[in-house]
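Trainee: Take this structure, written in structure tokens, and hold onto it; I'll ask about it next.
The values are calculated or read from the model by the stated rules, or taken from the named source; none is laboratory data. In this text, all values refer to a predicted model and were calculated from it rather than measured experimentally. Note that we place each Cβ from the backbone using ideal geometry, even for glycine, and neighbour counts take in every protein chain shown. All accessible areas refer to the heavy atoms of the entire protein, side chains included, with ligands and DNA or RNA removed. Shrake-Rupley method; radii C 1.70, N 1.55, O 1.52, S 1.80 Å.
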Amino acid sequence: MACLLETPIRMSVLSEVTASSRHYVDRLFDPDPQKVLQGVIDMKNAVIGNNKQKANLIVLGAVPRLLYLLQQETSSTELKTECAVVLGSLAMGTENNVKSLLDCHIIPALLQGLLSPDLKFIEACLRCLRTIFTSPVTPEELLYTDATVIPHLMALLSRSRYTQEYICQIFSHCCKGPDHQTILFNHGAVQNIAHLLTSVSYKVRMQALKCFSVLAFENPQVSMTLVNVLVDGELLPQIFVKMLQRDKPIEMQLTSAKCLTYMCRAGAIRTDDNCIVLKLDHDLKHAHELRQAAFKLYASLGANDEDIRKKIIDTENMMDRIVTGLSESSVKVRLAAVRCLHSLSRSVQQLRTSFQDHAVWKPLMKVLQNAPDEILVVASSMLCNLLLEFSPSKEPILESGAVELLCGLTQSENPALRVNGIWALMNMAFQAEQKIKADILRSLSTEQLFRLLSDSDLNVLMKTLGLLRNLLSTRPHIDKIMSTHGKQIMQAVTLILEGEHNIEVKEQTLCILANIADGTTAKELIMTNDDILQKIKYYMGHSHVKLQLAAMFCISNLVWNEEEGSQERQDKLRDMGIVDILHKLSQSPDSNLCDKAKTALQQYLA
């Protein structure tokens with residue numbers, strides 16, 4: 001019955017949504033031209049910043065009617081202009097909006113509008129075209145379908161600063177390869193756009209500069225031409241160099257640097273050219289500051305958003321640039337590059353793909369060999385991520401001598417480095433082979449392990465317990481490690497359980513005991529240690545459920561009846577009063593604790 005009700009509910013909601021928008025569309029069909037004009041103006045005001053309203057009007061068929069009015073010879077210029085403005089506003093909504101506009105063949109209609117003598121109408125059409133062509137769903141080829149379009153756009157560049165801004169922006173977005181570069185170049189793009197670099201409008205200067213960056217990209221013909229272009233008596237490369245100055249916006253500095261770089265690559269400017277060398281010598285420090293700022297920005301943007309991390313990494317050559325930053329001469333740039341990579345390494349997907357494709361671990365290991373503490377802290381934190389179990393970088397990092405490097409970090413006077421060193425070892429030991437665990441214990445040494453267990457920094461202590469817990473997993477590994485280090489480990493466990501530590505520390509310690517109790521021979525180290533058994537008994541009756549559960553794991557592993565010697569262990573624990581406590585806990589209001597107690601009791605009955 002609920003399913004039958006679904007459809008009418010949807011229909012009523014849809015009718016409510018569209019009813020509030022339909023009157024805007026109905027007014028477009030009024031026989032009175034003035035009422036139509038007022039209707040378009042009201043529609044313009046209604047859609048500003050309202051994506052829902054835009055979608056409704058598109059669904060209700062507003063676009064074909066607006067395009068009809070825009071192309072009618074009988075429509076007033078004011079009406080045509082307002083129609084173009086509304087269409088431009090609809091294009092500023094979602095990508096689906098743009099697709100709908102394209103399906104209605106909006107581009108030919110707007111291009112036709114550019115033949116009008118009225119400047120305001122031309123500007124409105126160009127503004128709408130700019131919005132549509134800068135959308136990722138619009139094919140660039142639509143600009144080049146009609147051979148008369150590009151020369152007409154070149155002619156319109158002289159009409160106003162708005163035509164200059166919009167046309168340059170269209171060109172820079174629709175120039176996607178050598179064929180497009182050739183078309184624009186052959187129609188005089190260089191000569192027509194060059195003088196715009198000295199416009200009083202920053203937006204015009206910026207869009208003109210972007211045009212040159214896409215025209216010169218991997219294009220020797222354009223680059224060679226740009227070298228000799230004069231603007232107000234000044235060569236174009238000199239204008240680009242001026243745009244690199246510190247008082248210019250960063251966007252302008254970076255784009256002008258692109259232009260000069262492409263010209264250098266094409267051989268149009270020598271790399272020892274005075275206009276380049278003197279400027280870079282003078283502003284080398286500033287260039288470092290720019291790179292540092294860029295890396296910091298990317299690190300901040302990618303810190304908590306997976307989609308943004310993907311966009312950063314998918315940007316052409318971005319990972320190469322960041323990785324190159326790891327070997328910069330400037331400590332601040334190296335630090336910012338490491339921070340940026342650390343931020344991006346929070347992505348599981350990128351750890352599995354891009355970080356492996358670019359072998360990020362190699363330069364990172366070099367950074368860790370010899371760097372100031374401020375860089376080491378971030379780099380070692382990033383290494384923790386690269387050593388996670390699912391990371392393909394884990395194996396080559398292990399083979400490159402990471403164990404000794406990380407063990408060395410655990411001896412640092414800097415608590416952050418000690419934490420990261422032991423954290424990385426903890427990740428390394430997770431589900432690792434026996435050989436890796438043995439390498440960690442050998443390189444770390446028992447003495448250092450127990451120094452870390454008595455570290456004054458809580459984070460160091462917790463990560464060290466985490467390392468022990470990961471080392472003591474898988475029965476053969478547990479038995480092997482406890483056969484060689486059992487005495488010291490049991491001493492450390494005793495000291496922690498007796499010490500003034502918080503709940504989390506004691507919980508981790510009891511979990512280590514539970515792992516030891518899961519060993520085949522290792523569990524005897526618990527059964528023969530009455531002091532430890534009494535502590536487990538004590539924590540079974542503790543007021544904190546977390547500690548009770550952790551103690552219960554120990555008992556469950558010790559009394560499991562399918563293992564050799566289980567009867568003797570059960571008898572000893574019964575004599576200690578453990579069974580009585582289990583009966584009491586089986587009545588606990590905590591469902592987890594109750595279930596664990598009942599499971600343990602069943603081992604006695606089996």
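Trainee: Check whether at least one residue in the range 370-389 is modelled with pLDDT under 90, more than 23 Å from the chain's Cα centre (by Cα) and of a type outside the set (D, E, K, R), and report yes or no.
Mentor: Yes.
Trainee: Tell me which residues, restricted to the range 559-576, are within 18 Å of D518 (Cα to Cα), basic (K, R) and open to solvent by 40 Å² or more (accessible area, probe 1.4 Å).
Mentor: Result: K572, single match.
Trainee: Also: For residues in the range 68-92 being touching a residue at least 12 places away in the same chain (Cβ under 8 Å) and charged (D, E, K, R), which is most open to solvent (accessible area, probe 1.4 Å)?
Mentor: In this case the residue turns out to be E78.
Trainee: Now a separate question. Kindly indicate the residue of the range 530-539 that is open to solvent by 40 Å² or more (accessible area, probe 1.4 Å) and not charged (D, E, K, R) and also nearest to K506 (Cα to Cα) among those meeting that condition.
Mentor: Here the answer is Y538.
Trainee: Taking only pairs six or more apart or across chains, which ones have beta-carbon atoms under 8 Å, a first residue in the range 533-544 that is closer than 12 Å to M576 by Cα, and a second residue that is in a loop (DSSP other than H, G, I, E, B) and open to solvent by less than 70 Å² (accessible area, probe 1.4 Å)?
Mentor: Cβ pairs passing all conditions: L533/M576; Q534/M576; K537/M576; K537/G577.
Trainee: I need every pair where a residue in the range 439-451 that is farther than 13 Å from L409 by Cα and of a type in the set (D, E, K, R) has its Cβ under 8 Å from the Cβ of a residue that is open to solvent by less than 40 Å² (accessible area, probe 1.4 Å) and assigned to a helix (DSSP H, G or I), sequence separation at least 6 or different chains.
Mentor: Listed pairs, sorted by first residue: D439/V403.
Trainee: Out of the range 369-412, which residues are more than 18 Å from D439 (Cβ to Cβ), outside any helix (DSSP H, G or I), of a type in the set (S, T, N, Q) and open to solvent by 40 Å² or more (accessible area, probe 1.4 Å)?
Mentor: Of everything in the range 369-412, just one residue is more than 18 Å from D439 (Cβ to Cβ), outside any helix (DSSP H, G or I), of a type in the set (S, T, N, Q) and open to solvent by 40 Å² or more (accessible area, probe 1.4 Å), namely N370.
Trainee: For D439, which of the numbered conditions (1) open to solvent by 50 Å² or more (accessible area, probe 1.4 Å); (2) in a helix (DSSP H, G or I); (3) of a type in the set (D, E) fails to hold?
Mentor: In the conditions (1) open to solvent by 50 Å² or more (accessible area, probe 1.4 Å); (2) in a helix (DSSP H, G or I); (3) of a type in the set (D, E), D439 misses (1) alone.
Trainee: Confirm whether N459 is surrounded by fewer than 23 Cβ atoms within 10 Å (Cβ to Cβ) and under 27 Å from I478 (Cα atoms).
Mentor: Spelling it out, N459 is indeed surrounded by fewer than 23 Cβ atoms within 10 Å (Cβ to Cβ) and under 27 Å from I478 (Cα atoms).
Trainee: What helices (runs of 4 or more DSSP H) completely inside the range 93-133 contain at least 3 residues that are open to solvent by 40 Å² or more (accessible area, probe 1.4 Å) and either more than 18 Å from A62 (Cβ to Cβ) or touching a Ser or Thr at 6+ places or on another chain (Cβ under 9 Å) (or both)?
Mentor: Filter on the range 93-133 gives 119-133.
Trainee: Now for a different question. Evaluate the range 577-599: report whether one residue or more is surrounded by fewer than 19 Cβ atoms within 10 Å (Cβ to Cβ), of a type in the set (S, T, Y), in contact with a Ser or Thr (Cβ under 9 Å, 6 or more places away or on another chain) and over 19 Å from I503 (Cβ atoms).
Mentor: Yes; the residues of the range 577-599 include at least one that is surrounded by fewer than 19 Cβ atoms within 10 Å (Cβ to Cβ), of a type in the set (S, T, Y), in contact with a Ser or Thr (Cβ under 9 Å, 6 or more places away or on another chain) and over 19 Å from I503 (Cβ atoms).
Trainee: So how many residues does the range 210-222 have that are within 19 Å of L156 (Cα to Cα) and surrounded by fewer than 24 Cβ atoms within 10 Å (Cβ to Cβ)?
Mentor: 1
Trainee: Tell me yes or no: at least one residue of the range 52-59 is open to solvent by less than 40 Å² (accessible area, probe 1.4 Å), over 45 Å from the mean Cα position of the chain (by Cα) and in contact (Cβ under 8 Å) with a residue 40 or more places away in the chain.
Mentor: Taking every residue of the range 52-59 in turn, none turns out to be open to solvent by less than 40 Å² (accessible area, probe 1.4 Å), over 45 Å from the mean Cα position of the chain (by Cα) and in contact (Cβ under 8 Å) with a residue 40 or more places away in the chain.
Trainee: Can you give me the number of residues within the range 3-57 that are assigned to a helix (DSSP H, G or I), closer than 17 Å to E82 by Cβ and at pLDDT below 90?
Mentor: 0
Trainee: From the list R352, R334, R339, which residue is closer than 30 Å to I440 by Cβ, in contact with an Asp or Glu (Cβ under 6 Å, 6 or more places away or on another chain) and either buried (at least 21 other Cβ atoms within 10 Å of the Cβ) or not hydrophobic (A, V, I, L, M, F, W, C) (or both)?
Mentor: Exactly one residue qualifies, and that residue is R334.
Trainee: What's the total number of residues in the range 462-481 that are open to solvent by 10 Å² or more (accessible area, probe 1.4 Å) and farther than 25 Å from S412 by Cα?
Mentor: Going through the range 462-481 one residue at a time, the tally reaches 7.
Trainee: Give me the residue from the range 413-433 that is in a loop (DSSP other than H, G, I, E, B) and touching a residue at least 24 places away in the same chain (Cβ under 8 Å) and, out of that set, surrounded by the most Cβ atoms within 10 Å (Cβ to Cβ).
Mentor: A432
Trainee: Quick check on my filter: what residues within the range 585-602 are part of a helix (DSSP H, G or I) and without any contact (Cβ under 8 Å) to a residue 12 or more places away in the chain?
Mentor: S591, C594, D595, Q602
Trainee: Any idea which of H485, H542 is buried (at least 17 other Cβ atoms within 10 Å of the Cβ) and at pLDDT below 95?
Mentor: Just a single option satisfies the conditions, and that option is H485.
Trainee: Against the definition (part of a helix (DSSP H, G or I), under 26 Å from E498 (Cα atoms) and open to solvent by 10 Å² or more (accessible area, probe 1.4 Å)), how does S556 come out, yes or no?
Mentor: So S556 passes the test.
Trainee: Look through the range 319-331, keep the residues that are open to solvent by 10 Å² or more (accessible area, probe 1.4 Å) and assigned to a helix (DSSP H, G or I), and return whichever of them is nearest to L297 (Cα to Cα).
Mentor: Among those residues, the one meeting the criterion is R321.
Trainee: Hey, another quick one. Can you confirm whether the range 98-119 contains a residue that is on the phi > 0 side of the Ramachandran plot and modelled with pLDDT of 95 or more?
Mentor: Going through the range 98-119, the residues on the phi > 0 side of the Ramachandran plot turn out to be 105.
Of the ones still in play, those that are also modelled with pLDDT of 95 or more are 105.
Scanning the range 98-119, I find at least one residue that is on the phi > 0 side of the Ramachandran plot and modelled with pLDDT of 95 or more, so the answer is yes.
Trainee: Quickly run through the range 498-524 and pick out the residues that are open to solvent by less than 10 Å² (accessible area, probe 1.4 Å), not aliphatic (A, V, I, L, M) and not in a helix (DSSP H, G or I).
Mentor: G519, K523
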